[in-house]
1. Under the rule that an exposed site lies in a DSSP loop and has at most 16 other Cβ atoms within 10 Å, name the longest stretch of the chain with no trypsin sites (Lys or Arg not before Pro) of that kind, not counting the sites themselves.
2. Pop out the ³J(HN,Hα) list for the range 53-65 in order, Karplus 6.51 cos²θ - 1.76 cosθ + 1.60 with θ = phi - 60°, rounded to Hz; leave Gly and Pro as x.
3. Which whole-number percentage describes the relative contact order of the range 62-164, with Cα contacts under 8 Å and a sequence gap of 6 or more?
4. Over 40 Å apart: what share of the alpha carbon pairs of the chain falls there, rounded to a whole percent?
5. ³J(HN,Hα) across the range 87-98 via Karplus (A = 6.51, B = -1.76, C = 1.60, θ = phi - 60°), whole Hz, x for Gly/Pro?
6. Would you work out the relative contact order for the range 48-266, in percent, from Cα pairs under 8 angstrom that are 6 or more residues apart?
7. Gap in Å between the Cα centre of the range 276-292 and the Cα centre of the range 125-178?
8. Under 8 Å for C-alpha pairs, at least 6 residues apart: give me the relative contact order for the range 246-336, rounded to a whole percent.
Amino acid sequence: QAPEFIRAIAPYKAGKPVSDVVRELGLDPNTVVKLASNENPLGLGEKAKAAIAQAAADLGRYPDANGFSLKAKLANRHGVGSDQITLGNGSNDVLELAAKAFLTQGRNAVFSQYAFAVYPLATQGCGAQSKVVPAVCYTHDLDGFLKTIDANTRVVFIANPNNPTGTFLPQDKLLAFLKQVPKQVLVVLDEAYNEFLQPQDQYDSTQWVGQFPNLLVSRSFSKAYGLAGLRVGYAVSSVEVADLMNRVRQPFNVNSLALAAAEAAVDDHEFLKQTYDVNLHGLEQIQAGLKALNLEYVPSYGNFVLFKAGAGADAGMKVFDALQRLGVIVRPVNGYGLPEWLRVSIGLPHENDAFLKALPIALATLQ
Ligand code: PMP
């Protein structure tokens, strides 16, 4: 029999794939818009596509188990050693490796209310306890974190910007927090949405790892880099932390196509810029549309917006269902304790338009 702490886990609920909606509702797949998983609406960049085509010629062999050339490129980019980089099968894998290396029964991880769903999963999967700090204005309360950390805390998870709320903590707050966190606690700073920050908000926390050996910064290739289907992410940390994570990872945790695509994507500055511009424009479009409908939303620093669909415990799901019938897939956040809210990812202008046109019709179903 599986241990109680495994049976108590509620499985991750991913964004609904277009194929499910087409099957369930008989809609034309070409008319369905998916704005549910914070993916890059531009898809893959040309450089990544070309690299995949080339790598596809040699799939009979195992991938480079140590990801030598991708790690070298990332190390160079962040000005750290290759032995400070850990590659993952998506950044989810990196988060799980951190949990695996530092958590076990009797220990705990601290994170915020409305934090990314993988934190409790990774924590409970190790038999450790989740300690949830109430959010303040939908964002992380770092003073609350400091008060909650106890002698058994070994990991703190902070997403910045945060998913699903889209909120952001400036670097002075993060640095002040890092200075006060006990050294036995690994601070996992999850920056899956970092590339969407505007220039005035940008900061480079990977530069802090030398000063804080208990800091791990995780980044993703799934969002701005457009490689969600390939699954690549990475962490920058001290050599000691990277060494521990390397002990618990699967030998070939990043596949050959993903390694090749990520290596090409890192250098595709033009694609990244285009992605950033599309997102900024889309954020403005969606937030202006929500405002015009008099809907409450949390101003976002990511590539998605959390908005209040209505009042009542089933408001979010009702509007989600109605939007789906109109061919627009968004993301319910009732699993995050936000049953009145929905999260919409930023798409291409015509996709955002489709969402904004369908939304008032979907909202009318609440009446
Ligand atoms: N962290 C956060 C905050 C996220 O929102 C996501 C994606 N939903 C991830 C990590 C994981 O992304 P991936 O595994 O695709 O890199």
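Each value in this text was obtained by applying a stated rule to the coordinates, not by laboratory testing. All values derive from a computational prediction rather than experimental measurement. Cβ: placed from backbone, ideal geometry, glycine included. Neighbour counts: every protein chain shown.
1. Working: sites that count: K13, R61, K183.
Longest gap between qualifying sites, sites excluded: 184-367.
2. Running phi through 6.51 cos²θ - 1.76 cosθ + 1.60 with θ = phi - 60° gives 4, 5, 5, 5, 6, 10, 7, x, 9, 5, x, 5, 4 Hz.
3. Numbers: 137 pairs, mean separation 26.8, N = 103.
Once divided by the residue count of the range 62-164, the mean separation gives 26 percent.
4. Details: 8201 of 67161 pairs.
When every Cα pair of the chain is considered, 12 percent fall beyond 40 Å.
5. 3J(HN,Hα) across the range 87-98, in whole Hz: 8, x, 7, x, 6, 4, 5, 4, 4, 5, 4, 5.
6. Details: 421 pairs, mean separation 66.1, N = 219.
Worked out over the range 48-266, it gives 30 percent.
7. What the calculation gives is 28 Å, centre to centre.
8. Values: 43 pairs, mean separation 11.9, N = 91.
About 13 percent, as a whole number.
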